[in-house]
Amino acid sequence: MRSVVLALLPVSAFAVYQFGLSVLLLLITTTVVAVATEWLFARLSGQGNTVSDWSAVITGLLLGLTLPPGFPLWMAAVAAFVGIALGKALFGGLGYNVMNPALVGRAFVQAAFPVAITTWTPAFAPERFAELIPSTLTLPFMQPVPIDDWVAGLGLDAWSGATPLALQKFQQIELPLSDVFSGTIAGSAGETSAILILVCGLWLAWRRMLDWRIPASVMAGAVLTALPFWLLDPTLYPSPWFVLCSGGLMLGAWFMASDMVASPVTARGAIIYGLFIGVLTVIIRLFGGLVEGVMYAILLANALGPLISGWTQPRVYGAGSRPKA
Amino acid sequence: MALFSIFPRRKTFDHGIYPVEHKELTADKPIRRMPFAPELVIPLEQHKGKPAIPTVRVGQEVVRGEPIAEADGHVSVPMHAPATGVIRDIALAPTAAGPKAPAIYLKVYQAASQRVLFDSAPDLAAMSRAELVAAVQQAGLVGLGGAAFPSHVKLVPPEGRTIETVLVNGCECEPYLTCDHRIMLEQTAALVRGIQLVLRATGAERAVIGVEDNKLDAVEHLRREIPADLPITAEAVQSKYPQGAERMLIKSLTGREVPVGGLPADVGVAVYNVGTLAQMGDLLPKGQGLIERVVTVSGPGVERPGNFMVPVGTPLRFLLEQVGLKESFGEVILGGPMMGMAVASLDVPVTKAVSGVVVLEREDLDLAERKVYPCIKCGACVEACPISLNPSVLGELAQVRDYATMAEHYHLDQCFECGCCAYVCPSNIPLTQYFRIAKAINREDEQ
Ligand code: SF4
Ligand code: SF4
């Protein structure tokens, strides 16, 4: 699993480059807390050293990448703790969890801190390596300070505080694809550059560390669902390419849906599971109250995983075969 | 691989794995004769079914080829003396499986000519099918691919079934092994004679020799050598483990699947290993019995790997002295590394079932003792299992010792311990070992 960590490093590095020191601290916090929680629960349950399998590092990094850049560190720590404790240790540790721990952590903070998790900050703020986003260092159990004044102080004219997804959904403004693709936009720390995620994911697929069928079918599901609506009314609905490259779809498809533990074990199952995630994501985005649907789509598909595995288990050799008279 | 499945490809079965072959060590090594060990140890149970019953007494002198034990019923075969010598003892001897079993100890007369004296060439052409079947049993022939099932039993399909096609197994999918490859190249005439005999005995219309496409030279050679007027063809199948497993080869060559709990005869075929048929074609016309077989001795722990004609009963210790055992040798495996068995003692003899002796180095073993992680549901085992079982679920059930559920709901009894699942498991879970134990415990419970 070390190679999954390796593949996440470029994505993390870009996130830090884009949003500055705050994201560096954010990623360190989630990773350290995830690993510490893993260590603690392994101790408590007598499983020995499970940190060395790297899976907690992956969870920590992934979680950090899905959070807004200025997310208060104490909240991030809570997310990491909840992700590992509730999402993994409760089920019996690595291999027994039903859902992706990073997403469980994120879902928890999404419900607990609805404001903080939708507070976005501009990318490439001029002083991003010199100063932190004010909300980052919020004291534990305090609400973050509003960052409007700080953002205003940056002197960016066009800043609306909205992600490309929100812009599209509520104002039907579709940002240029090139921006969305390369990641020079607002959004969660690590989900903004579709191209980087794609490259790292492809590398993992080539190394056979992930099942290419899952990201491929997630993307196919999303495109196929978005296409008819866009054809119907391109001014109201986003284009399929925009759907693909915006928000957490890429990160979700390549790094979270593909989590082996929580996805079906059969080849056909993987495709059904991926399509399900892709379709559901777009439906939530277009018709749900939420701006982004990847997280809930994946969690729901995770829950269905074992069921899908059961349905798609290939027929046992000779089971349907009848003797020749 | 599924990505490329749209392109036409060789005949094959579903799933399976691609282990490193290591066949280059011995593939071009012609079969050479192994000298006689000072003493041969001939277990009475070298085949599936009932052990043979000794017909000699301690102190009796025997001539090479002379019967020394008779078959006990239909599913059993006789034994013949692999060398001229004297019976020293009939006693327990170590076996590959572990527990000791009765065997005949034969002290070899090193000065004897070792000519096979039991020649009484029968008139094969005049024999009826039943007489042919009896002759095959008398020759002590068993499946030399490793299964060691008495060959004559498969010649007679159960009531209501007919055998249309004889499949000849020249796949040799186990890494390291090349003895069947050499047999196809060097003993072609005997092989063709053996196939003809089986065609006659079974009444089948045709025979197809299935060879993995890593041995295309053998396919071409066979196509050249087989007389055009015979209904025998050679066919290349994909090189993929376990292509040489009976049920896999049937699927690859005929597209049919043997029904669960059924026999190959249920889909109109019988499968014979090339080595078995080459021996049959050689022995039957001369009226002789099986006293030696071709064995690949290979692996990184061996100085001079090669293919050898080895007298049955040769102790491994003697065999390995001849090829030179490296200082660093670790485990000695009978058969191939995928399905073979590691032996506990070098006093274990080569039996009719031993197609190869693979010696690994100590380093290889350290690698084998890797840390076991929990199952991460990666599905690699599901994609590998040639029977399409779910080794992931089976493994978890085995860990909680729920052997009954494994058998009732997850087809444990269909697992033939091919080792594919354990080979691909990134968590190093010894799945095949779990299943072997689970099956043994279920068998005990049934009794
Ligand atoms: S050992 Fe059994 S379960 Fe494992 S791959 Fe082979 S047949 Fe399938
Ligand atoms: S290969 Fe091993 S880790 Fe993967 S699903 Fe099978 S048992 Fe689990």
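List of remarks:
- For A:Met260, no residue has an amide H sitting under 5 Å from its own, ignoring neighbours fewer than 5 places away on the same chain, with H placed 1.01 Å from N.
- Tail beyond 42 Å, pair distance distribution of chain B (Cα, percent): 12
- The phi torsions of region A:240-247, fed into the Karplus equation with coefficients 6.51, -1.76 and 1.60 and a -60° offset, translate into couplings of x, 5, 5, 4, 5, 8, 9, x Hz, rounded to whole numbers, with Gly and Pro shown as x.
- Other protein chain Cβ atoms within 10 Å, averaged over every residue that makes up B:378-384: 6
- The modelled label-to-label distance between A:Val199 and B:Val86, using points 7 Å beyond Cα along the C-beta direction, is 8.2 nm.
- Accessible surface of region A:162-325, 1.4 Å probe, proportion on carbon and sulfur as whole %: 71
- Length-normalised contact order of chain B in % [C-alpha pairs under 8 Å, at least 6 apart]: 19
- Cβ-Cβ FRET estimate between B:Ser328 and A:Gln172, R0 fixed at 51 Å, reported to 0.05: 0.10
- Rh (Kirkwood; distinct C-alpha pairs) - region A:162-325, Å: 16.5
- Each residue of region B:206-212 was assigned a 3J(HN,Hα) from its phi angle through the Karplus curve 6.51 cos²θ - 1.76 cosθ + 1.60 (θ = phi - 60°); the sequence is 8, 10, 10, 9, x, 10, 5 Hz, with glycine and proline shown as x.
- For region A:188-253 versus region B:97-149, the spacing of their alpha-carbon centroids is 67 Å.
- Using the alpha-carbon positions of region B:75-119, Rg (one decimal) and Dmax (whole number) come out as 13.1, 37 Å.
- The calculated FRET efficiency for B:Ile437 paired with B:Met309, based on their beta-carbon distance and R0 = 25 Å, is about 0.10.
- Highest GNM mean-square fluctuation among B:Glu396, B:Glu39, B:Glu257, for chain B modelled with Cα contacts below 10 Å: B:Glu396.
- Using a Förster distance of 51 Å, the FRET efficiency for B:Thr405-A:Phe141 (Cβ separation, nearest 0.05): 0.60
- Nonpolar atom fraction for chain B, defined as the carbon and sulfur part of the 1.4 Å probe accessible area, stands at 54 percent.
- Looking at the protein assembly as shown, the DSSP beta bridges with both ends there are about 60 percent antiparallel.
- Remark: region B:380-446 is approximated by an ellipsoid whose semi-axes, taken from the C-alpha gyration tensor as √(5λ), come to 18, 11, 10 Å, largest first.
- What the protein assembly as shown shows is 42 Å² of accessible area per residue, with the surface traced by a 1.4 Å probe over protein heavy atoms.
- Looking at region B:301-364, the GluC sites (Glu not before Pro) that sit in a DSSP loop and have at most 10 other Cβ atoms within 10 Å of their own Cβ are B:Glu327.
- Theoretical ellipticity at 222 nm over chain B - DSSP helices of four or more residues, -39500 (n - 2.57) apiece, nearest 500: -8000 deg cm²/dmol
- B/A buried area, accessible surface, summed, 1.4 Å probe, Å²: 2600
The values are calculated or read from the model by the stated rules, or taken from the named source; none is laboratory data. Remember, predicted model here, so these are calculated numbers, not experimental data. Reconstructed Cβ throughout: ideal geometry from the backbone, glycine too, with neighbour counts over all protein chains shown. When the accessible area is computed, the model is the full protein with side chains, heavy atoms only, and any ligands, DNA or RNA have been set aside. Shrake-Rupley method; radii C 1.70, N 1.55, O 1.52, S 1.80 Å.
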